[in-house]
Amino acid sequence: MRIIWIGVLGSVGALARYELARALHHRTERAGVPTMVVNVVGAIILGCLVGIHARAPIEPDLLAALTVGFLGGFTTFSTWIVDVVALAENGHRGRRQAALNLAITLVVGIAGYALARMLSSP
């Protein structure tokens, strides 16, 4: 049953990413911004889930469906790489934005983990 939920939530995550990126694209013309926002949102959610799981274990099938399924479909490394290549073609600024995307995603993932551990402590 776990594999079915991973597939279902992976599809939901991919659709959510598509819709959020599409909505953000209409608000900004800057390349890479929608992907960065999606990755930041996904990182904070993943950090929170892992932090909660560290304090109060989440049922393994549900955790897999949410992390591997939904968040796996929501945040995609391949989309980020396509944006990095497009940004790199714009020179130094593109490399700087790609590094910023990676740094912010890492920081908010760790912050989400810390926040969830703090909020779920007994």
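What the table shows:
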{"item": "Gaussian network model of the chain, springs between alpha carbon atoms under 10 Å - residue of 110, 45, 58 with greatest fluctuation", "result": "58"}
{"item": "Over region 1-73, equivalent-ellipsoid semi-axes from the Cα gyration tensor in Å", "result": "26, 15, 6"}
{"item": "Mean Kyte hydropathy of 0.5 or more with a Cα span along the axis of at least 27 Å, helices from DSSP in the chain", "result": "33-55, 92-119"}
{"item": "Ratio Rg/Rh, restricted to the chain and using Cα atoms, in which Rh is the Kirkwood radius", "result": "1.03"}
{"item": "Residues 66, 100 arranged by fewest to most Cβ contacts within 10 Å", "result": "100, 66"}
{"item": "Local net charge near residue 8, Cβ-Cβ under 14 Å (Lys/Arg +1, Asp/Glu -1)", "result": "0"}
{"item": "Chain lengthening between residue 114 and residue 24 when straightened (0.36 nm per residue, less Cα-Cα)", "result": "29.6 nm"}
{"item": "Cα-based convex hull, region 1-43, per residue volume (Å³, whole number)", "result": "57"}
{"item": "Assigned charges on the beta-carbon of Lys, Arg, Asp, Glu; the chain dipole about Cα centre (debye)", "result": "280"}
{"item": "Cβ-based exposure ranking for 118, 36, 1, in which fewest neighbours within 10 Å come first", "result": "1, 118, 36"}
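Where a number appears in this text, it was derived from the coordinates with a stated rule and is not lab data. Please read all numbers here as calculations on a predicted model, not as lab measurements. Every residue, glycine as well, gets a Cβ built from its backbone with ideal geometry; the counts of neighbours run over all protein chains shown.
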